[in-house]
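The values are calculated or read from the model by the stated rules, or taken from the named source; none is laboratory data. Bear in mind the structure is a predicted one, so any value in this text is a computation, not a measurement. In this analysis, Cβ positions are derived from the backbone assuming ideal geometry, glycine residues included, and neighbour counts consider all displayed protein chains. Note: accessible area is taken over every heavy atom of the protein model, side chains too, but ligands, DNA and RNA are not part of it. Shrake-Rupley method; radii C 1.70, N 1.55, O 1.52, S 1.80 Å.
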Amino acid sequence: MRNDRGARRAVTLFPLLVLLAGAVGLLSPGTFTSGAEAVPYLLGVVMFCMGVTMTPQDFKGVAQRPWAVALGLVAHYVIMPGLGWLIAHALQLSPQLAAGVILVGCAPSGTASNVVTYLARGDVALSVSVATVSTVLAPLVTPPLTLLLAGEYLPVDAGSMVTDILKTVLLPVIAGLLVRLLAGRYVTRALGVLPWLSALTIAVIVAIVVAGSADAIKSAALMVFLAVVLHNGLGLALGYGAGRLAGLGEPAGRAMAFEVGMQNSGLAASLATAHFSPLAALPSAVFSVWHNVSGALAAAWFARRGPGASEPEKE
């Protein structure tokens, strides 16, 4: 397991850090509103850190368990986008907020899902494989899904979105992977710092996003929070259920819960800010806080249930 004690601490404290960043952005919006153009570059830093933590073994795991990884990808890119669309309709959200909720659902797996799976004593190898492939496929999957489901609310330039995801996600991840391959000895010494760097960078993104929509938060915050809680909670439950119904075993079911229910909300916030508006990025900012809180709570609950990681899997 490549995530050490520093990574676990970062995930545990991350919700508080992001909540603090959001509060600062809300109370002092003028400090951060000028930073909107920096959001894609900040996301690139996060994705570079993710790439640095990858190893060839992560991709080898995909070839070793193609059925399980494929199921995880289908579940992720069907359940969360579909839930986003259903929740937007059920709550009758405004076009900006509806597009933002749907965009969160169309994003790849969250960057902390692997660590949370580890804390839940789930199948970490499966979690890493699904998160890796969902991120690599994001340029091909996220834009058309967003166009299909959010196009009824706002105009969606899928082609431009593909370019943005390539620049802010795929290229930084590849660069990080190359750095890991070429300078692995030195990178290994810094692995404990990377989760903190990612957490701090995402916190800055949240502060910028919240500052950009500070005026609208008072009237929309409660509805957005309800939408995020429903989206994340149902995603965790349905992801776990999909893994168990497919006969993958308890550890894989736990991994599926987090790979489906936890999203790369930093990417969603960046895309919403660039292609829609700061208000559309608000669901992403709230999701950044909430999915780490719920993920930590779910991981603790799973861990108390027993050592799922030691159970034999069914392939």
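Can you confirm whether F258 is surrounded by fewer than 17 Cβ atoms within 10 Å (Cβ to Cβ), of a type outside the set (D, E) and in contact (Cβ under 8 Å) with a residue 60 or more places away in the chain? Answer is no for this residue. Between S109, S160, the distinction of being of a type outside the set (K, R), out of contact with any Leu (no Cβ under 6 Å at 6 or more places or on another chain) and within 25 Å of V52 (Cβ to Cβ) belongs to S109 only. Looking only at residues of the range 189-222 that are over 18 Å from the mean Cα position of the chain (by Cα) and open to solvent by 80 Å² or more (accessible area, probe 1.4 Å), we find that the one that is nearest to G105 (Cα to Cα) is L222.
Listed conditions (1) modelled with pLDDT of 80 or more; (2) farther than 27 Å from L42 by Cα; (3) assigned to a helix (DSSP H, G or I) are all met by L248, apart from (3).
Within the range 76-91, one or more residues are within 23 Å of A221 (Cβ to Cβ), buried (at least 18 other Cβ atoms within 10 Å of the Cβ) and over 18 Å from the mean Cα position of the chain (by Cα). Tell me, yes or no, whether the range 160-170 has at least one residue that is closer than 23 Å to K60 by Cβ, out of contact with any strand residue (DSSP E or B) (no Cβ under 9 Å at 6 or more places or on another chain) and either modelled with pLDDT of 90 or more or among the hydroxyl-bearing types (S, T, Y) (or both). Taking every residue of the range 160-170 in turn, none turns out to be closer than 23 Å to K60 by Cβ, out of contact with any strand residue (DSSP E or B) (no Cβ under 9 Å at 6 or more places or on another chain) and either modelled with pLDDT of 90 or more or among the hydroxyl-bearing types (S, T, Y) (or both). A single member of A237, A281, A299 is at pLDDT 95 or above and of a type outside the set (D, E), and it is A237.
Checking each residue in the range 81-137 for being among the small types (G, A, S) and over 23 Å from P283 (Cβ atoms) picks out A120, G122, A125, S127, S129.
Restrict the check to the range 228-242 and report whether at least one residue is open to solvent by 30 Å² or more (accessible area, probe 1.4 Å), over 29 Å from R65 (Cβ atoms) and not β-branched (V, I, T). For the range 228-242, residues open to solvent by 30 Å² or more (accessible area, probe 1.4 Å), over 29 Å from R65 (Cβ atoms) and not β-branched (V, I, T): present. The single condition among (1) out of contact with any Ser or Thr (no Cβ under 7 Å at 6 or more places or on another chain); (2) over 24 Å from S294 (Cα atoms); (3) outside any helix (DSSP H, G or I) that G192 does not satisfy is (2). For the range 266-275, state whether one or more residues are at pLDDT below 90, part of a loop (DSSP other than H, G, I, E, B) and of a type outside the set (D, E, K, R). No, because not a single residue in the range 266-275 is at pLDDT below 90, part of a loop (DSSP other than H, G, I, E, B) and of a type outside the set (D, E, K, R).
Exactly one of (1) of a type outside the set (D, E); (2) open to solvent by 20 Å² or more (accessible area, probe 1.4 Å); (3) under 18 Å from the mean Cα position of the chain (by Cα) is unmet by N114. Its number? Among (1) of a type outside the set (D, E); (2) open to solvent by 20 Å² or more (accessible area, probe 1.4 Å); (3) under 18 Å from the mean Cα position of the chain (by Cα), the lone unmet condition for N114 is (2). A Cβ distance below 9 Å, combined with a sequence gap of six or more or placement on separate chains, defines the contacts here; from the range 264-287, residues that are more than 22 Å from P172 (Cα to Cα) reach no residue that is crowded, with 24+ Cβ neighbours inside 10 Å and among the aromatic types (F, W, Y).
Which of the residues belonging to the range 145-165 are assigned to a helix (DSSP H, G or I) and exposed (fewer than 15 other Cβ atoms within 10 Å of the Cβ)? Across the range 145-165, the qualifying residues are G159, S160, T163.
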